[in-house]
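Q: My questions will all concern the structure given below.
The values are calculated or read from the model by the stated rules, or taken from the named source; none is laboratory data. Only a predicted model underlies this, so the values are computations on that prediction, with no experimental measurement involved. Cβ sites come from the backbone with ideal geometry, for glycine too, and all protein chains shown count toward neighbours.
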């Protein structure tokens, strides 16, 4: 061997090539196996997720069928200008399958902690039942749903539902009404049109104007607080169509907050309440007497002393103790003069007139809450006498104002309506002549300008009206004279009345500003005057010069006695 010389093993290239090919093939095979494993695993996971989703969906569907769900698409309720008064929003409700609850006590604790109004005991009892479906909480907010999800409770699920909402809260509560948790109409328009709202997904357009409604509500609530009244009602009606433009009853309720409003709050005193109306009823007595031909504007009666009918003595609250002309009797609200007019016409004719006015039967209206009038079964002289000045017959405020509309609109009586445009089939008929209606406009304007309704005036808007104060009854007769309802019924503009308004306060109290008086002329009349001033620009009625010769010629009474006063 020679040192320093290079040495190497002989190389077999075919061997190396064979080795490299084997290693590459094995690596490639391992990669394919790994990829197949990943794909199989992925398919398994997807399959598992799909399986769970299908099962969960089926489980929810199975549970949901055990309880009636809200119908999709309940129609909206709108005001005359398209403002939404009631609509439906999509929500979620939480329910449970008690059989899937792993730890009932833990679930009850967590849910009652999350919702303090849900008691632990009631939840524990619900989740311990053998049923497969129990409600936990309906109509959740998104935040509440997220919070329940965060509890991680097996067996608790969600179901899509719909919730009825009222954007104007209390403002239209008694007219629009409300629904229960399953969107069934409970009161108001919601109940009256329940079937069509649920089935046809069609909107109901009301005659209400929320702008006018807000003003009526605001002034009525302020007046109720000012005079410490226990309740109040207000209505504004279109004289040409008998559409209700605004209607408020206080106390009221928020349909968004309570499914079981207090009995006094849910009571609609404007349509369901039946009351003796006091002196505002003299509007009908005077119109009846004028239309009968028994009297005219130049007629009059002696009111210098009390007038006896049967065993009863009739006296005047604002006694003048002298002969009064017909315009004066109305202007000063003389009970004696009204009784004598009614007796000249006669009890039978009086009854026929009130029947023709629709005051002795329930009045048709698109509300379930309408009252039935009360009237005597025997109609003699005593009954005719008391009815002439507002006692002995009890009607709803809506009946009162609708009757007054016919007295000033030319003599045509129509059914009142809460629907925009009303019903094409709604009947109408004449109750007094157009000539008598023209006289009534003059007399009602006189009552506001010179009589008991002065505080109901609104300069420039030609207001006419009549005040009334009716003592309340108890089981044993009439209660204290300080326990009464105070009313004002008015119309404007009297040159051609477009709207009538009624304001009623229940048990108002006299204040320093009214010198302790709490009658209609001191309490309800000024509320009406404020409302007329505020709504007239909104409904397109512009102020006029009441002293112009053209207006005076239409509204002036022209009676020497009145001119002298």
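Q: Give the residues of segment 357-385 that are over 30 Å from residue 186 (Cβ atoms), touching a residue at least 24 places away in the same chain (Cβ under 8 Å), surrounded by fewer than 16 Cβ atoms within 10 Å (Cβ to Cβ) and within 36 Å of the chain's Cα centre (by Cα), sorted by residue number.
A: none
Q: Taking residue 276 as meeting all but one of (1) surrounded by fewer than 24 Cβ atoms within 10 Å (Cβ to Cβ); (2) over 18 Å from residue 370 (Cα atoms); (3) in contact (Cβ under 8 Å) with a residue 24 or more places away in the chain, write down the number of the exception.
A: Evaluating residue 276 over (1) surrounded by fewer than 24 Cβ atoms within 10 Å (Cβ to Cβ); (2) over 18 Å from residue 370 (Cα atoms); (3) in contact (Cβ under 8 Å) with a residue 24 or more places away in the chain leaves (2) as the failure.
Q: Where residues in segment 192-202 are within 22 Å of residue 91 (Cβ to Cβ) and buried (at least 16 other Cβ atoms within 10 Å of the Cβ), which of them is modelled with the lowest pLDDT?
A: Among those residues, the one meeting the criterion is 198.
Q: Residues to consider are 117, 76, 83, 97; find the one that is closer than 16 Å to residue 132 by Cβ and either modelled with pLDDT of 90 or more or in the same structural domain as residue 129 (by TED's automatic domain parsing) (or both).
A: On inspection, the qualifying residue turns out to be 97.
Q: Next up: Being in a helix (DSSP H, G or I) and touching a residue at least 24 places away in the same chain (Cβ under 8 Å) narrows it down to one residue among 237, 290; which is it?
A: 290
Q: With respect to residue 259, is the statement that it is in the same structural domain as residue 484 (by TED's automatic domain parsing) and modelled with pLDDT of 95 or more true?
A: The answer is no for residue 259.
Q: Does residue 181 satisfy the criteria of being at pLDDT below 95 and surrounded by 18 or more Cβ atoms within 10 Å (Cβ to Cβ)?
A: Against the criterion (at pLDDT below 95 and surrounded by 18 or more Cβ atoms within 10 Å (Cβ to Cβ)), residue 181 does not qualify.
Q: Does residue 453 fit the bill of being closer than 27 Å to residue 352 by Cβ and touching a strand residue (DSSP E or B) at 6+ places or on another chain (Cβ under 6 Å)? First the steps, then the outcome.
A: On the way: closer than 27 Å to residue 352 by Cβ: no; touching a strand residue (DSSP E or B) at 6+ places or on another chain (Cβ under 6 Å): yes.
Spelling it out, it is not the case that residue 453 is closer than 27 Å to residue 352 by Cβ and touching a strand residue (DSSP E or B) at 6+ places or on another chain (Cβ under 6 Å).
Q: Sort out which residues of segment 430-449 are under 23 Å from residue 373 (Cα atoms) and touching a helix residue (DSSP H, G or I) at 6+ places or on another chain (Cβ under 8 Å), and write them in order of number.
A: 431, 432
Q: Looking at segment 155-177, which of the residues that are out of contact with any helix residue (DSSP H, G or I) (no Cβ under 6 Å at 6 or more places or on another chain) and part of a loop (DSSP other than H, G, I, E, B) is surrounded by the fewest Cβ atoms within 10 Å (Cβ to Cβ)?
A: If we take residues in segment 155-177 being out of contact with any helix residue (DSSP H, G or I) (no Cβ under 6 Å at 6 or more places or on another chain) and part of a loop (DSSP other than H, G, I, E, B), then 167 is surrounded by the fewest Cβ atoms within 10 Å (Cβ to Cβ).
Q: Scan segment 314-330 residue by residue and report those that are part of a strand (DSSP E or B) and over 9 Å from residue 303 (Cα atoms).
A: Answer for segment 314-330, where residues must be part of a strand (DSSP E or B) and over 9 Å from residue 303 (Cα atoms): 314, 325.
Q: Among (1) under 24 Å from residue 254 (Cα atoms); (2) out of contact with any helix residue (DSSP H, G or I) (no Cβ under 7 Å at 6 or more places or on another chain), there is one condition residue 149 misses while meeting the rest; what is its number?
A: It is condition (1) that residue 149 fails.
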